Amino acid sequence: MSKIRTYNDLLQEEQRLQQILKSQEVLIREDIVSMKENLEPIKKVYDQVHKVFTRDNRVPIFNVGLELGIDVLLRRFILARAGWFAKTFVPYIVKNYSSHIIGEEKRKAIIKKIEELFNKIRPKKDRQEQTNSFN
């Protein structure tokens, strides 16, 4: 910083400080980007741990079937001779993790197929009543 004696000196000093400010902002942005890149592996680990200990409840009906299948398969067959700890916690972890595996598109496709199956097995009464009322 130099001594400011005239108005032009003041304007030059202001420009110099503005340039320093802009360069510091650029450095801070670059540091933030590099920090985000460095924290990416930690974020991935956190996401995996989160999937293990929480359940995805967007489609509860689907989860009920999934839980029932996992209970039967794991507790009755795979962990039949395991101790109480394995019979309790392994299915819990598998249920939580498996509820996150199937994506939203696959869930919608599976639900649509289940609805089609139910419609074939048992048609809705509303449709039958509507056809009878027109006759």
Task: For the stretch 34-46, 3J(HN,Hα) per residue [Karplus equation, 6.51 cos²θ - 1.76 cosθ + 1.60, θ = phi - 60°, Hz, x = Gly/Pro] - done: 5, 5, 4, 5, 5, 8, 4, x, 5, 5, 5, 5, 4
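Which value, in debye to the nearest 20, gives the size of the charge dipole of the chain about its Cα centre, when Lys and Arg are +1 and Asp and Glu are -1 at the Cβ?
Numbers: 26 positive and 18 negative charges, 196 e Å.
Here the size comes out at about 940 debye.
Which pairs, out of Lys51/Lys108; Lys36/Lys112; Lys43/Lys106; Lys22/Lys44; Lys43/Lys112, put more than 28 Å between their alpha-carbon atoms? The partial results should precede the final answer.
Working: Lys51/Lys108 20 Å; Lys36/Lys112 39 Å; Lys43/Lys106 25 Å; Lys22/Lys44 33 Å; Lys43/Lys112 34 Å.
Long pairs (Cα-Cα over 28 Å): Lys36/Lys112; Lys22/Lys44; Lys43/Lys112.
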Open item on the list: Going by Cα centres, the stretch 82-115 and the stretch 13-81 are how many Å apart?
Closed with: 19 Å
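Using 0.36 nm times the number of residues separating Thr88 and Thr6, minus their current alpha carbon distance, what extension gain do you get? Mind showing how you got there, number by number?
Numbers: separation 82, 0.36 × 82 = 29.52 nm, distance 8.06 nm.
Full extension from Thr88 to Thr6 adds 21.5 nm.
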- [ ] For the stretch 66-79, just list the computed ³J(HN,Hα) in residue order, Karplus coefficients 6.51, -1.76 and 1.60, θ = phi - 60°, integers in Hz, with x standing in for Gly and Pro.
- [x] 5, 5, 4, x, 5, 4, 5, 5, 6, 6, 7, 10, 6, 9
Task: Percent of Cα-Cα distances greater than 24 Å, calculated over the chain - done: 65 percent
- [ ] Based on the mean of other Cβ atoms within 10 Å per residue, sort peptides 53-62, 109-118 so the most packed one is first.
- [x] 53-62, 109-118
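All of the numbers you see were taken from the coordinates with simple rules; none came from a lab. For clarity, every value in this text was computed on a predicted model and none was experimentally measured. Glycine also receives a Cβ, built like all others from the backbone with ideal geometry; neighbour counts cover every protein chain displayed.
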